[in-house]
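Undergrad: I am attaching a structure below and will ask some questions about it afterwards.
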Amino acid sequence: MDNKPSVLVIDDEQQIRRLLQVTLVANGYRVFTAATGGEGTTQATMNRPDVIVLDLSLPDLDGIGLLRQLRQWSTTPVLILSARTSEKDIIECLDAGADDYLVKPFHAGELLARIRTALRHRPSVLQSTVFAQGSLHIDLDTRVVRKSGEQVKLTVTEFSLLALLVRNAGKVLTHRYILEQIWGPSFAEESQYTRVYVGQLRKKLEDDPSSPQLIITESGIGYRLVVEE
């Protein structure tokens, strides 16, 4: 098995893809490339790269839109590589879940340093993507949720909230933290969002939504996903 770290490059410029592939392979990385957002999504799903290098100007989908899609199911570090230099674009990318932002043209040495940093900060590969408790089975990779063997249909936002709780199972998550992670910093005070969506999840997942045993309210603070001993 090849233990080299892998990088997915999503960029519509063929010269950039070739340059990055040559540079990264020479420095000990496995490299996958994609020229469109759709192809990038497929590559990210099939190959599970350790780091994604993402351009913002793609022919079929704006890079920020693709980033938001990736963050619905993936915690893979994403390094934005773009010619856009405005503070607004950089902040929007970071708020949408990017881990870093590098402006074109770039120095290969700096790119490699940023990728090494991203690798140090990536989630552990040993971290389980499956949560099973009682009659509930949640697979974060396939986005499939089952209760008593029956598939539970969740909206994108409901699944994003559930995935956040699962990844932090046993921990108390504040209303502000949940709002910032799911809806963004501008929604940090809109605590009714968490109440509404937690209520919807309880109706779909709890045996008795009026007496929840899975998603517990921490009064005045937020919520916690219970982990049975």
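Laboratory data are not the source of any read-out in this text; all were calculated from the coordinates shown. Bear in mind that the values here come from a model prediction, so they are computed numbers and not experimental data. No Cβ is skipped: glycine too gets one built from the backbone with ideal geometry, and neighbour counts run over all protein chains shown.
Undergrad: Could you calculate the FRET efficiency of Thr217 with Asp141 from 1/(1 + (r/R0)^6), where r is the beta carbon distance between them and R0 is 30 Å, rounded to 0.05? Could you put the intermediate results ahead of the total?
TA: Numbers: r = 29 Å, r/R0 = 0.95.
E(calc), rounded to 0.05, equals 0.55.
Undergrad: Evaluate the charge dipole of region 6-121 about its Cα centre and quote only its size in Debye, nearest 20, assuming +1 on the Cβ of each Lys and Arg and -1 on the Cβ of each Asp and Glu.
TA: Working: 12 positive and 15 negative charges, 87 e Å.
Computed about the Cα centre, the dipole is about 420 debye.
Undergrad: Would you kindly derive the ³J(HN,Hα) couplings of region 106-118 from the backbone phi angles with the Karplus curve 6.51 cos²θ - 1.76 cosθ + 1.60 (θ = phi - 60°), listing them in order in whole Hz, with x for Gly and Pro?
TA: These are the phi-based 3J(HN,Hα) values: 10, 8, 4, x, 5, 4, 4, 5, 5, 5, 4, 5, 4 Hz.
Undergrad: Now, a different point. Please give the FRET efficiency for Arg116 paired with Thr42, using the beta carbon to beta carbon distance and R0 = 30 Å, rounded to the nearest 0.05. Let's see the in-between values first.
TA: Numbers: r = 26 Å, r/R0 = 0.88.
The formula returns an efficiency of 0.70 here.
Undergrad: Take the Cα atoms of region 6-121, build their convex hull, and give its volume per residue in Å³. Working shown, then result.
TA: Working: hull volume 10.3 nm³, N = 116.
Taking the convex hull of the Cα positions in region 6-121, it is 89 Å³ per residue.
Undergrad: Calculate log10 I(q)/I(0) of region 77-203 for q = 0.22 Å⁻¹, where I(q) comes from the Debye formula with a single equal point scatterer on each Cα and nothing for solvent.
TA: Each listed q corresponds, in turn, to -1.29.
Undergrad: I need the per residue convex hull volume for the chain, using only the alpha carbons, in cubic angstrom as a whole number. Numbers along the way, then the final one.
TA: Numbers: hull volume 31.8 nm³, N = 229.
Hull volume over Cα atoms, normalised by residue count, gives 139 Å³.
Undergrad: If you don't mind, another one. If each of Glu206 and Val227 carries a label point 7 Å out from its Cα toward its Cβ, how far apart are those two points in nm?
TA: 2.2 nm
Undergrad: Tell me, what HN-Hα J-couplings in whole Hz come from the Karplus equation 6.51 cos²θ - 1.76 cosθ + 1.60 at θ = phi - 60° for each residue of region 142-154, using x for Gly and Pro?
TA: Karplus values, whole Hz, x for Gly and Pro: 8, 6, 9, 10, 10, 10, 6, x, 9, 5, 9, 8, 10.
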